[in-house]
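Below: the structure, in structure tokens.
The values are calculated or read from the model by the stated rules, or taken from the named source; none is laboratory data. Given the structure is predicted, the values throughout are model-derived calculations rather than measurements. Virtual Cβ from ideal backbone geometry, glycine too; neighbours counted across all protein chains shown. Ligands, DNA and RNA are excluded from the accessible area calculation, which covers all protein heavy atoms including side chains. Shrake-Rupley method; radii C 1.70, N 1.55, O 1.52, S 1.80 Å.
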4 protein chains.
Amino acid sequence: MIKVGIVGGTGYTGVELLRLLAVHPEVQLTAITSRKEDGLPVADMYPSLRGRVNLAFSAPDKVDLTQCDVVFFATPHGVAMAQAPELLAKGVKVIDLAADFRIKDRAVFEKTYKIDHTAPELLEQAVYGLVELNREEIKGANLIANPGCYPNTMQIGFAPLLKAGVIDAGNLIADCKSGVSGAGRKAEIGILFSESSDNFKAYGVAGHRHTPETTAQLQRLTSDKVALVFTPHLVPMIRGMHSTLYGKLTKDISNDELQKLFEDAYAGEQFIDVMPFGSHPETRTTKGSNMLRLAVHRPDNGNTVIVLVVQDNLVKGASGQAVQCMNLMFGLEESLGLNTIALLP
Amino acid sequence: MIKVGIVGGTGYTGVELLRLLAVHPEVQLTAITSRKEDGLPVADMYPSLRGRVNLAFSAPDKVDLTQCDVVFFATPHGVAMAQAPELLAKGVKVIDLAADFRIKDRAVFEKTYKIDHTAPELLEQAVYGLVELNREEIKGANLIANPGCYPNTMQIGFAPLLKAGVIDAGNLIADCKSGVSGAGRKAEIGILFSESSDNFKAYGVAGHRHTPETTAQLQRLTSDKVALVFTPHLVPMIRGMHSTLYGKLTKDISNDELQKLFEDAYAGEQFIDVMPFGSHPETRTTKGSNMLRLAVHRPDNGNTVIVLVVQDNLVKGASGQAVQCMNLMFGLEESLGLNTIALLP
Amino acid sequence: MIKVGIVGGTGYTGVELLRLLAVHPEVQLTAITSRKEDGLPVADMYPSLRGRVNLAFSAPDKVDLTQCDVVFFATPHGVAMAQAPELLAKGVKVIDLAADFRIKDRAVFEKTYKIDHTAPELLEQAVYGLVELNREEIKGANLIANPGCYPNTMQIGFAPLLKAGVIDAGNLIADCKSGVSGAGRKAEIGILFSESSDNFKAYGVAGHRHTPETTAQLQRLTSDKVALVFTPHLVPMIRGMHSTLYGKLTKDISNDELQKLFEDAYAGEQFIDVMPFGSHPETRTTKGSNMLRLAVHRPDNGNTVIVLVVQDNLVKGASGQAVQCMNLMFGLEESLGLNTIALLP
Amino acid sequence: MIKVGIVGGTGYTGVELLRLLAVHPEVQLTAITSRKEDGLPVADMYPSLRGRVNLAFSAPDKVDLTQCDVVFFATPHGVAMAQAPELLAKGVKVIDLAADFRIKDRAVFEKTYKIDHTAPELLEQAVYGLVELNREEIKGANLIANPGCYPNTMQIGFAPLLKAGVIDAGNLIADCKSGVSGAGRKAEIGILFSESSDNFKAYGVAGHRHTPETTAQLQRLTSDKVALVFTPHLVPMIRGMHSTLYGKLTKDISNDELQKLFEDAYAGEQFIDVMPFGSHPETRTTKGSNMLRLAVHRPDNGNTVIVLVVQDNLVKGASGQAVQCMNLMFGLEESLGLNTIALLP
């Protein structure tokens, strides 16, 4: 059994890790830390776990995380970089669900997140945890930078097109929509039910933190200069993410060939569903599951290719992806504990 | 492996059976019938099942259900009574999620459902599938009448009080609230998003079909005459049911004793969570899971006892309950395939 | 033109007052105070008011409210009692949307709200602002205690039955459901979208502040001792309130006579809609309007009478009621500025 | 008083017309037709109108619409073209909320809507009812083709840029999101609450009927060849529309100049709110009102300009726009009856 610690288990990615790991056949939940909730049974905060998770939150100084085999950080940015060095030194694997190790370029990271990086020596060894694009590296990794939820969809959706060199890398548009849980479990007016229900809006159009991360990753796939316009929106639903990706075709290519690019790229992937050309994937078909579904469109057979990508932002977009990485890092079957089917309706 | 057939797999209890049974370790999905959708792959109607359920719907006359070990009926009222006799005669077990066998009194059934009962000879042998009140009978049953979703909550909530004889059986009030999926997957104006979102209403106050079923079952628990006022309401959420039950205390009893009645009644039950006295269970703590949670209240320590009961109407209120019955009928561990944790948030 | 001041215009009852008063033909919005938002244009906080309300919030000490003809308090409990004495002394009328003057009995108030009452001398002259039960007193009032949203529905629904003496005053049950806006515009986890959407729960079952207010008002209608069990619930919708009221009949009375009690009680009322016997009023039929709709039921012609009452908690349940009072206090037509029709769908 | 008839008052644009016209000071509602609901009081179908609209639906053959001054068609496509010729011949003005007269090119119309045009002789005289781009023509019109909801936002958002010639007309992308009421009041599975709540999806990506209408109207604004990619999505909210428009800048232009293009274009418009550069308009700030709000963005000061446009799809996107046209056609103040403020929260 893998002994698992979770730092910062009070947020939505934290409770989602608990939901997945509590039924994972090879995991023993060992410690969950929260400075603020020290002593509180986890199931008192999340009654969905009553009878299933008997741990209580512990203050960080009351628990020895080095006894774990792997520690997940479901924390605000900045926490993992402070604690990872010691854990790694003691042979504990680390999976960070925040952004601390997502951007290799320290200067870009610090400009984007407006904090100093206190463990820059780890940036090199950190492995970007997007399994379908990076599987082999993840298998041997000790430190995982779990991707952001939006970047996940943009990379899976644009990758086959960029690798094949059929679209203009300098003219990518990603019009993305996220459920409200993506904003986290924070006491803020803007995400109150009475403010965000029955409403739709864009936000952060001038610049979102996920743009540099995505651009850097996409750049690894092509020698052309990548330029991305990313527009996030807030949807009145709890879970779910829908990215509508626009690329301009630069090559003469048939629709069948377009479709084949995706089918070949993701052949054999258990968690990527390439739907028939022209389909309309719905976010609800991924709710609570680790599936990402996509479909390719080409309006009027013109020079614009559209890729529609959906996932559950808390599963494939966060905690499910992290568990998928953990499985690989420990030599387990990649899908272990991730086989539940989406809740529909 | 148990060979399972599903008659009428296109509705919400049908797809919920599929979601649960597709990952059940002892089940082999063998046939799903739908006259209207003959030939359509199940996953084309419910893309959440893509890659997980490869069956197609079959017209009833194209499939031999007698090859199954058990057949679930997720059909409108009237279908199971027509097909069950032949199946039972051939040794196939039957679990009916509709009302055909819920009411023992044929006259009451026919008055309530306004159809003739075509298999009255089976009413006697049919076992009412509320596991926690009827476990031993279910183990030996060949024909199960799965309870209605509302009746489930009313019985679990009132039973300990009626059995102990501490409330007035002639003055029961059940103010119940259901998510919209309880109305089924029917093309009707009243359950359109634009009609039922951002709205709340009562319905069927003058008389709902679940009243006779519940009254008859409650009557089995007490020698006093049961009289129940049942008021259903529609909540703008997909899944979830919340019943607020009111009883008038007729005995001098302390709050601790009240609480103990429930803890004793459901001690050891895996799917009934008796929360601390005075708790407020939320429907979302059961979403997608087979758990039913309840809490006891007594305002101002007066003579009114309130029991708050929540469940997922499609799981513990329908398909999960049915799978729980199946497990018992085949000698399996009762919770097999039913251990997923509620999706929260 | 009536010069109007609003103290505490940043909450939901505040912005609702602004929505109504900005188009009221006899009102001149003169001042809106907010200590925290001093200087902020009101329309920056509520863009729905852009181009329609040009005022900015003022710190309380920067504005002379005694220049107003009437001041509305859309504040937390405790503010109006501090400021009302001076305003009243200067001849300014006061309408308090909070609870400061709702309960005549100072001891009960202080026990219920857990604050000292600093203006107990005003309790006597304060008039309870439920127009349909108290119209004449309101016309001559200088200080209005606007009713709580729940109490409004319970009084309108129980009043005809209690006045006629046909139900047991000592056995009233009110099972009430409110949209989330009733919880106000506060940065609290429990009312986040991701916590309260797709969910249903009861709250405050052990004792809600609206119980003493309602009991005291109902007691004015009957010489029998009133005892009320009040159970509030939270519905995943922004606006709307639905109260399901249960009474036990103590007299032999026909359904027609029951219905007539209500039709007579509210004959000529512009904002009370007595629907046909056995109807199911929906909250959405009142959304954004000052209408309250109700319907009477009697299951199985037994001894339980059910009254279903719906209103928009922010209009008839708060700000619309307050404007209705203002109209009466200034000798205007009662419905002035309150004639918009509910937004459906 | 203007005598108004409504053909097809049972859908959402019909009831929205009733909501607006019932309180319009210069309108007398004269007739509402529905073949199916002949004799049914309008308020029985829409209880929000109880006490406010006393008309009943009439079968078309039982009412003489030529007695009206103006007739609105809130019907499926094809009805207005059948009845308009006679009405116009008798001097009755016609406002069609469907598509019959939106596309001047008969062949394009017939290809798009897959029906024959039976009154092609009227296509020439029909005036496209987008007030802010077409005000003078509307004043003198007898036959109005009310714009589609999506086209409204795309035209208002792209017009200043195209007129100024600062973007590439051949590379327009409109990523649009609509509330579910845009799909109408039809008994269809796909728009059930349990299917479209807590979900997000694109639809009609391969080709939506609003593309030819929009392209043709945009083409009137520029001599360059217009090419538009339009991607509609369904949002789990009842009302509201958000269009995210992308254009590629072809001229050197500052952000201040971009903003000024919009402020100049819509200076003095009562129903167009040009928000400060970089704002994020929310659909809820227009709910129930005739306002359209927009904001201009330019990510990283690059060559992509983004215009965010929001409106209530049933008001400015349909019935409100139609009433605005009516006011102009009858020489009334343009905003008469359209001054209610959005319902927020």
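Where is the GNM fluctuation largest for chain D (alpha-carbon springs, 10 angstrom cutoff): D:ALA126, D:ALA227, D:ALA187? Judging by the Gaussian network model, the answer is D:ALA187.
Counting 0.36 nm for each residue step from A:ASP256 to A:GLU188 and taking away their Cα separation leaves a gain of 19.8 nm. Counting only other chain Cβ atoms within 10 Å of each residue's Cβ, the peptide D:272-283 averages 4.
Near A:LYS225, which aspartates and glutamates are there with a Cα under 19 Å away, not counting those fewer than 8 places off in the same chain? Those aspartates and glutamates meeting the cut-off are A:ASP105, A:ASP168, A:GLU213, D:ASP300. Mean partner shielding of peptide D:82-95, defined as the number of other chain Cβ atoms within 10 Å of each residue Cβ, is 0.
For region A:255-261, the Karplus equation 6.51 cos²θ - 1.76 cosθ + 1.60, evaluated at θ = phi - 60°, returns couplings of 5, 4, 5, 4, 4, 5, 3 Hz by residue, with Gly and Pro reported as x.
In the structure shown, the pairs D:LYS90/D:LYS316; C:LYS3/D:LYS260; D:LYS260/D:LYS316; B:LYS177/B:LYS248 are assessed against 32 Å; a Cα-Cα span above that value is assigned to C:LYS3/D:LYS260.
For chain A, the Cβ-based charge dipole about the Cα centre amounts to some 500 debye (Lys, Arg positive; Asp, Glu negative; other atoms uncharged). Mind checking the angle between helix A:79-89 and chain A's longest principal axis? C-alpha axes, 0 to 90 degrees, to the nearest 10. On a 0 to 90 degree scale, this one is about 70.
Between A:LEU249 and A:GLU124, what's the calculated FRET efficiency when r is the beta-carbon distance and R0 is 41 Å? Round to 0.05. Step by step, r from the Cβ atoms, then E = 0.65. For chain D, the relative contact order works out to 17 percent when only alpha carbon pairs closer than 8 Å and six or more residues apart are counted.
Distance from the Cα centroid of region C:169-221 to that of region D:7-52 is 35 Å (rounded to whole angstrom).
Computed from Cα atoms, the angle from the helix D:320-329 axis to the main principal axis of chain D rounds to 80 degrees. Each residue of region A:161-168 was assigned a 3J(HN,Hα) from its phi angle through the Karplus curve 6.51 cos²θ - 1.76 cosθ + 1.60 (θ = phi - 60°); the sequence is 6, 6, 4, 7, x, 9, 10, 6 Hz, with glycine and proline shown as x. Phi-derived couplings, Karplus 6.51 cos²θ - 1.76 cosθ + 1.60 at θ = phi - 60°, listed residue by residue for region D:335-345: 9, 4, x, 10, 9, 5, 8, 4, 7, 9, x Hz, with x used for Gly and Pro.
Per residue, the average separation of C-alpha pairs within less than 8 Å and at least 6 apart gives region C:150-312 a relative contact order of 29 percent.
Cα centroid separation, region A:228-264 to region D:284-321: 24 Å. Ordered from largest to smallest accessible area (heavy atoms of protein chains, 1.4 Å probe), the residues B:THR10, B:THR153 come out as B:THR10, B:THR153. Close amide H pairs (under 5 Å, H built 1.01 Å from N) link C:LYS3 with C:GLN28, C:ASP69, C:VAL70, residues at least 5 positions away or on another chain. Note on B:SER279: accessible area is roughly 20 Å² with a 1.4 Å probe, heavy atoms of protein only. In this assembly of identical copies, the label point of D:GLN125 (Cα plus 7 Å along Cα-to-Cβ) is separated from its counterparts by 6.9, 7.8, 8.3 nm, sorted shortest first. A cut-off of 5 Å between modelled amide H atoms, ignoring neighbours fewer than 5 places along the same chain, links B:VAL94 with B:VAL71, B:LEU143, B:ILE144.
Counting heavy atoms of the protein chains alone, C:THR283 has an accessible area of about 0 Å² for a 1.4 Å probe. Helix D:210-219 and the longest principal axis of the C-alpha atoms of chain D enclose an angle of approximately 60°. Shielding of peptide C:226-237 by partners, expressed as the average count of other chain Cβ atoms within 10 Å per residue Cβ, is 6. When B:GLU37, C:GLU16, A:GLU263 are compared by accessible surface with a 1.4 Å probe, the order from highest to lowest is A:GLU263, B:GLU37, C:GLU16. Accessible area per residue (1.4 Å probe, heavy atoms of protein chains only) ranks D:HIS233, D:HIS280, A:HIS210 as D:HIS280, A:HIS210, D:HIS233, with the largest value leading.
Proximity of backbone amide H atoms, modeled 1.01 Å from N, is registered between C:THR304 and C:LEU249 at under 5 Å, excluding neighbours fewer than 5 places apart on the same chain. Between D:ARG135, D:ARG293, D:ARG35, the Gaussian network model of chain D with springs among Cα atoms under 10 angstrom shows the greatest mean-square fluctuation at D:ARG35.
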